[in-house]
Amino acid sequence: MVIEAEPVAGSPPAVAGTSLRERPFVIVVVLQFAMIIAMGSAGIALPAVQEGLGASDGAIQWFAALFMLGFALVLVLGGRLGDIYGSRRLLLLGFGGFVLATLLGALAPTVGVVLIARLLQGVAGGIASPQLLATIQRTYRDHARNRALAVFMTIAAFAFMVGQLVTGALISIDALGLGWRWTFLVFMPLGLVAWPVAARLLPSPPQPMGGRVDGLGAGLLAVTSLLILFPLIQGQDAGWPAWMLAMLVTSVPMAMVFVAVERRLVRRGQQPLVNPSLFTIKTFRVGNIIGVVTGLLSFAGVVFVTLTLQNGFDRTALQAALLTAPIPFANMFGSLVAAPLLRSVGRFSIAVGAILTAAAAGMLLAVIELGPSSLEPIHLVPGLVLLGFALGISISASIAITLGEIPGAEAGSAAGVQSTVLQLASAVGIAVFGMVFFGTIGGSDTEAAYVDGLAATLWLSLGLCALQFGLYLFLPRHSRTALHPIPVADPENIVMPDLRSDRPRSRSVSTD
């Protein structure tokens with residue numbers, strides 16, 4: 001399988017930029033930095049939001065999941081809208097919407113308004129994100145693009161850590177008596193400055209291509225996702241009434257309606273949100289199933305570690321942020337390792353990710369077995385770092401293999417589908433892990449109860465790792481023949497190139 005960082009077929013030709021001081025790139029980095037700060041802030045503030053607003057366990061799960069849900073539901077649509085109306089316009093619209101949604105969250109009087117703000121943040125981020133990458137695609141080519149993406153990804157990891165640490169510190173000292181509102185306020189100064197600067201300095205892209213938007217498909221996907229997520233998050237608190245079970249059952253025919261609508265658009269020669277024919281490609285079909293498992297594992301664990309650190313061990317938000325700060329960098333280094341790993345062992349790299357993730361879960365379980373009386377939060381850090389590293393390998397390898405055989409004309413659509421699968425699976429993962437976590441804790445708020453809840457999620461992780469390991473065997477074997485290039489994926493998940501030379505090169509990957 002060959003992986004080359006080249007423009008998606010049909011995209012405008014890239015400007016032959018080489019310097020990382022190119023104006024569009026600097027602006028894109030600043031906008032990305034601002035949005036990732038907001039993402040890092042949210043995770044560390046979960047206990048503060050729960051205490052400050054008197055939110056239920058279910059509401060906290062919604063707080064964590066709604067951003068990813070909103071992001072996933074418009075990600076493909078956002079890329080399509082950028083093609084139709086121009087990426088500059090959509091970037092300013094998405095980032096401006098992100099600023100307004102964050103301000104709404106900062107001023108929210110109730111937990112319901114906070115949850116609406118989180119959903120709107122995700123929607124705005126899903127509109128803006130494809131435009132950030134499209135700008136880099138136009139600004140650079142060949143190895144210059146690879147270096148730009150490496151910097152882009154590193155800054156994203158750094159921004160996530162900054163969001164955690166700064167928000168954790170401000171919440172811990174209760175600066176200005178604003179408590180949980182720092183979750184949103186940390187972003188505001190940079191966001192309010194960055195938007196007008198971007199509006200003034202961001203150059204206009206080539207002429208948009210025009211076309212139509214699959215609004216019906218986007219709506220059906222949103223309804224299907226909510227039919228799955230709502231009962232998974234609220235069912236335990238509500239005692240699993242029959243109507244919630246009916247929602248889960250109804251999600252199946254709704255998904256079938258979605259597929260039927262997309263197929264009809266293909267028959268009519270129109271552009272669907274998701275082209276069903278992509279799933280006739282075995283690597284794409286199996287790779288997305290692996291992506292579901294990886295998505296279930298990728299974010300939920302950190303959410304419940306944060307709750308355990310603060311609510312169980314009674315650590316401050318800043319202390320929890322310091323303990324979890326290495327995770328995004330470990331994830332980034334895992335992504336860096338994925339490319340040479342794919343070259344060396346091919347499809348087995350999926351199994352390597354599963355084995356290392358299981359090893360991380362095993363390390364954490366072994367530490368927990370010391371017992372709450374002798375367990376200290378610092379003991380969890382090595383296992384958490386290994387978990388971040390392992391998931392970086394799993395996510396990046398699954399992206400590379402899933403998209404490796406996609407025809408060039410479908411590359412952008414396939415990348416959007418793959419990213420959407422990961423994001424939706426992450427949102428579902430929070431719901432599923434939350435059922436296990438809060439079900440184990442019950443009504444207790446003791447350290448021992450939270451440790452038991454965390455251990456239960458780790459056993460679930462081990463089961464998912466076993467499933468991921470088994471699924472790699474269903475991937476077909478490939479020779480070292482040159483196939484189609486894959487498009488650039490999400491910056492946090494991208495398989496990074498070899499950065500040792502400024503000479504453009506291709507990167508051959510055997511999945512044999």
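The values are calculated or read from the model by the stated rules, or taken from the named source; none is laboratory data. Quick caveat: nothing in here was measured; it's all calculated off a predicted structure. Virtual Cβ from ideal backbone geometry, glycine too; neighbours counted across all protein chains shown.
A residue that is of a type outside the set (S, T, N, Q), on the phi < 0 side of the Ramachandran plot, modelled with pLDDT under 85 and in a helix (DSSP H, G or I) occurs somewhere in region 277-292.
In this structure, does Val114 turn out to be modelled with pLDDT of 90 or more, more than 20 Å from Leu77 (Cα to Cα) and out of contact with any Asp or Glu (no Cβ under 6 Å at 6 or more places or on another chain)? The answer is yes for Val114. Looking only at region 236-254, decide whether some residue is among the acidic types (Asp, Glu), under 28 Å from Val367 (Cα atoms) and surrounded by fewer than 20 Cβ atoms within 10 Å (Cβ to Cβ). No, there is no match, as no residue in region 236-254 is among the acidic types (Asp, Glu), under 28 Å from Val367 (Cα atoms) and surrounded by fewer than 20 Cβ atoms within 10 Å (Cβ to Cβ). Scanning region 335-363 for residues that are of a type outside the set (A, V, I, L, M) and out of contact with any Pro (no Cβ under 9 Å at 6 or more places or on another chain) turns up Ser335, Pro340, Arg343, Ser344, Gly346, Phe348, Ser349, Gly353, Thr357, Gly362.
Would region 49-67 turn up any residue that is under 21 Å from the mean Cα position of the chain (by Cα), more than 27 Å from Leu309 (Cα to Cα) and either assigned to a helix (DSSP H, G or I) or not polar (S, T, N, Q) (or both)? No; the residues of region 49-67 include none that is under 21 Å from the mean Cα position of the chain (by Cα), more than 27 Å from Leu309 (Cα to Cα) and either assigned to a helix (DSSP H, G or I) or not polar (S, T, N, Q) (or both).
Of all the listed residues (Gly112, Gly179, Gly122), the sole one being assigned by TED's automatic domain parsing to the domain that holds Ile44 and either charged (D, E, K, R) or within 21 Å of the chain's Cα centre (by Cα) (or both) is Gly122.
Kindly establish whether Leu365 is assigned by TED's automatic domain parsing to the domain that holds Gly291, farther than 18 Å from Val337 by Cα and at pLDDT 85 or above. So Leu365 fits the description; yes. Note on region 291-319: residues that are more than 16 Å from Leu364 (Cα to Cα) and among the aliphatic types (A, V, I, L, M) amount to 5. Selection of region 260-276 for residues being part of a loop (DSSP other than H, G, I, E, B) and of a type in the set (D, E, K, R) yields only Arg268. Across region 338-347, the qualifying residues are those that are buried (at least 20 other Cβ atoms within 10 Å of the Cβ) and among the hydrophobic types (A, V, I, L, M, F, W, C), and the one among them that is modelled with the lowest pLDDT is Ala339.
So which of Arg118, Arg89 ends up being free of Cβ contacts under 8 Å to residues at least 24 places away in the same chain, assigned to a helix (DSSP H, G or I) and among the charged types (D, E, K, R)?
Unique residue meeting the criteria: Arg89.
Among the residues making up region 244-271, those that are under 15 Å from Pro231 (Cα atoms) and either among the hydrophobic types (A, V, I, L, M, F, W, C) or within 25 Å of the chain's Cα centre (by Cα) (or both) are Met244, Leu245, Ala246, Met247, Leu248, Val249, Ser251, Val252. Counting the residues of region 440-466 that are of a type in the set (Phe, Trp, Tyr) and surrounded by 23 or more Cβ atoms within 10 Å (Cβ to Cβ) gives 1.
Summed over region 89-105, the residues that are under 23 Å from Gly177 (Cβ atoms) and surrounded by fewer than 19 Cβ atoms within 10 Å (Cβ to Cβ) give a count of 2.
Answer yes or no as to whether Thr224 is assigned to a helix (DSSP H, G or I), assigned by TED's automatic domain parsing to the domain that holds Ala320, among the polar types (S, T, N, Q) and at pLDDT 85 or above. Here the answer is no, as Thr224 does not meet what is asked.
Exactly one residue out of Arg181, Arg145 is at pLDDT 85 or above, among the charged types (D, E, K, R) and in a helix (DSSP H, G or I), and it is Arg181.
Return yes when Ile281 is over 19 Å from Ala157 (Cβ atoms) and out of contact with any helix residue (DSSP H, G or I) (no Cβ under 8 Å at 6 or more places or on another chain) and no when it is not.
yes
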